[in-house]
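First comes the structure, then the notes that go with it.
The values are calculated or read from the model by the stated rules, or taken from the named source; none is laboratory data. For clarity, every value in this text was computed on a predicted model and none was experimentally measured. Virtual Cβ from ideal backbone geometry, glycine too; neighbours counted across all protein chains shown.
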Amino acid sequence: MNLDREVRHKSEDVDDQVLADVLVALQKRVKISHDFDIPYIAGYSGDATTVYIDRHLPRTMAWKGREVRLAPFLVTHEIVEKALLDELRLHYLHAHQIALRAERDAVRGAGLTWRDYQAVMKAHEKQIDEETLKRVPGDLDLTPYRDLDDFPVLERLIKTAR
């Protein structure tokens, strides 16, 4: 992989075009699956090769007359979170907080408002969290559910993945 080819825009300052390049580069590093039931909207495989986005979440949101794909923002969050968990051994809550800010900046850098993006996420979060799990990937990293002591969801995930 030629890293220099991924850098289309250059700046050492905060720059939305450079961040847009980052989103594209991150998506090239993982497989993205919309085939499973994923509590908390999205997650990742234990080996960090796949980002799972709940199959019930819409793939786009309407924004100022156009459809904007949601996956780049969720992938950014999940990759950053997983890297911080695995490489720096942070607690899930700390890794999640940093990943959430990276996701927020990616959303804003794409010209959306965080409030409108969050409205879409929150509108689907409860129904996804309460859904009957039918399809769960066997390699889903369960660290977030363990670190949050979310044992009811953890139990449902393990039972369904079998």
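For segment 83-104, indicate whether the set of residues that are in a helix (DSSP H, G or I), at pLDDT 95 or above, among the charged types (D, E, K, R) and touching a helix residue (DSSP H, G or I) at 6+ places or on another chain (Cβ under 8 Å) is non-empty. Among the residues of segment 83-104, at least one is in a helix (DSSP H, G or I), at pLDDT 95 or above, among the charged types (D, E, K, R) and touching a helix residue (DSSP H, G or I) at 6+ places or on another chain (Cβ under 8 Å), which makes the answer yes.
When Ala161, Ala110, Ala83, Ala95 are checked against the criterion of being within 20 Å of Val30 (Cβ to Cβ) and either among the polar types (S, T, N, Q) or crowded, with 18+ Cβ neighbours inside 10 Å (or both), Ala95 stands alone in meeting it.
Results for (1) under 20 Å from Lys134 (Cβ atoms); (2) of a type in the set (Phe, Trp, Tyr); (3) in a helix (DSSP H, G or I), shown as yes or no for each residue.
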site	(1), (2), (3)
Val14	no, no, no
Gln17	no, no, yes
Gln27	no, no, yes
Phe36	yes, yes, no
His56	yes, no, no
Ala62	no, no, no
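Looking across segment 60-84, just one residue is of a type in the set (A, V, I, L, M), under 21 Å from Ser33 (Cα atoms) and touching a His at 6+ places or on another chain (Cβ under 9 Å), and that is Ala71. In segment 45-57, the residues that are in contact (Cβ under 8 Å) with a residue 40 or more places away in the chain form Cβ pairs under 7 Å with partners that are part of a strand (DSSP E or B) and surrounded by fewer than 21 Cβ atoms within 10 Å (Cβ to Cβ), at six or more places apart or across chains, as follows: Thr50/Lys31; Thr50/Ser33; Tyr52/Ser33.
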